[in-house]
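The values are calculated or read from the model by the stated rules, or taken from the named source; none is laboratory data. Keep in mind it's a predicted model, so treat the numbers as computed, not measured. Every residue, glycine among them, receives a Cβ derived from its backbone with ideal geometry; neighbour counts consider all protein chains shown. We work out accessible area using only protein heavy atoms, side chains counted, and drop any ligands, DNA or RNA first. Shrake-Rupley method; radii C 1.70, N 1.55, O 1.52, S 1.80 Å.
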Number of protein chains: 2
Amino acid sequence: MAQDTTRLRRFIEDETGSCCDAEVEARLDALVSLGEAIPDDCESDVTAFKTLGNETRYRIVRLLAAAEDERCVCEITPLFDVSESAVSHALSDLTDAGLLARRKEGTWRYYRTTELADQLVEALDATRGDNE
Amino acid sequence: MAQDTTRLRRFIEDETGSCCDAEVEARLDALVSLGEAIPDDCESDVTAFKTLGNETRYRIVRLLAAAEDERCVCEITPLFDVSESAVSHALSDLTDAGLLARRKEGTWRYYRTTELADQLVEALDATRGDNE
DNA sequence: TGAGTAATTGAACAACTACTCATATTAGCG
DNA sequence: CGCTAATATGAGTAGTTGTTCAATTACTCA
């Protein structure tokens, strides 16, 4: 936001036949306030998406979402072709991103999906097959 | 999937008091088939998330989702602090990921969100504020 | 057809990521 | 306590990404 608006001015001229400074201003303001509809915690949204944008982490979430229940780390690890450490890192990142929750019981650790993860997975499945 | 299962065996012993090979097998199979509930186009899911996991791209999607209508590239560009080229790359990546659709009219290009993008944004907003 | 404009594309490179290996933490048990 | 097991954490590094700059395409109109 601090860019050249000559192209936008020409665009408005194209639409309306003419264009004064005030119109460019008004259009920009309207766009900016649309942009401001973006929630404050945009950063955490981006983090959630970024965290799901990796096959190992995404598959862990799908597994736990399908399970509809918590699972122990030792149940999850054998399903993946990466090291135990990599799975542990993945679980930890997912938890930090608010996509998984953890429970300890002795030396075992159980993970389950959060509401956020469930909603995102559901949103994806809802549009699956649609071509738009 | 091809990992050590000694830990899983001990886990089952812990739960049930004892554990034979068949039980370990059965447990693993159950977990594997949960894993197989993961859709085939998992890769495109990961791509969608990865693409939203960047602030520039995410904010473009939020903007267009809030607009509930198409917008010309020249309207979008001035709102962002990156180069025109970066916005164009972002729009292109989002389109490839199935999150935006494009329409040409003369030299102007219009972009709008797809159903997939709308659903994902909505899923996020639906859980906003929840602490789980 | 040629000048001018909107948008896209490709190359280059600093910044970031995802994994592995080694080590640390935490818990149960003799 | 000291041993072992389950998981987590940190450092290192090969590979990936996001941006910019420069060049290109695609369209309009005189």
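A few points about this structure:
- Residues that are surrounded by fewer than 16 Cβ atoms within 10 Å (Cβ to Cβ) and either within 19 Å of the chain's Cα centre (by Cα) or near DNA strand D (Cβ under 9 Å from one of its atoms) (or both), drawn from region A:85-104: A:SER85, A:ALA86, A:SER88, A:HIS89, A:SER92, A:THR95, A:ASP96, A:ARG102, A:LYS104
- Pick from region A:21-65, criterion open to solvent by 40 Å² or more (accessible area, probe 1.4 Å) and small (Gly, Ala, Ser), ranking: farthest from the other protein chains (Cβ to nearest Cβ): A:ALA22
- Look at (1) buried (at least 20 other Cβ atoms within 10 Å of the Cβ); (2) within 23 Å of B:LEU8 (Cα to Cα); (3) in contact with a Gly (Cβ under 8 Å, 6 or more places away or on another chain) and you find that A:LEU79 fails only one, number (1).
- Inter-residue pairs, beta-carbon under 8 Å, first facing chain A (nearest Cβ under 7 Å) and open to solvent by 20 Å² or more (accessible area, probe 1.4 Å) and in region B:112-132, second outside any helix (DSSP H, G or I) and at pLDDT 95 or above, 6+ apart: B:LEU116/B:GLY98; B:LEU116/B:LEU99; B:GLU132/A:ALA101; B:GLU132/A:THR114
- So B:ASP14, is it at the interface with chain A (Cβ under 9 Å from one of its Cβ atoms), assigned to a helix (DSSP H, G or I) and crowded, with 17+ Cβ neighbours inside 10 Å: no
So that you can scan it fast, the table gives a plain yes or no per residue for (1) within 13 Å of DNA strand C (Cβ to nearest atom); (2) over 29 Å from B:THR56 (Cα atoms):
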position	(1), (2)
A:THR51	yes, no
A:TYR58	yes, no
A:LEU64	no, yes
A:ARG71	no, yes
A:SER83	yes, yes
A:ALA86	yes, no
A:ALA90	yes, no
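- Helices (runs of 4 or more DSSP H) wholly inside region B:20-132 that include at least 1 residues being touching an Asp or Glu at 6+ places or on another chain (Cβ under 9 Å) and within 19 Å of A:ALA123 (Cα to Cα): B:42-52, B:55-67, B:115-127
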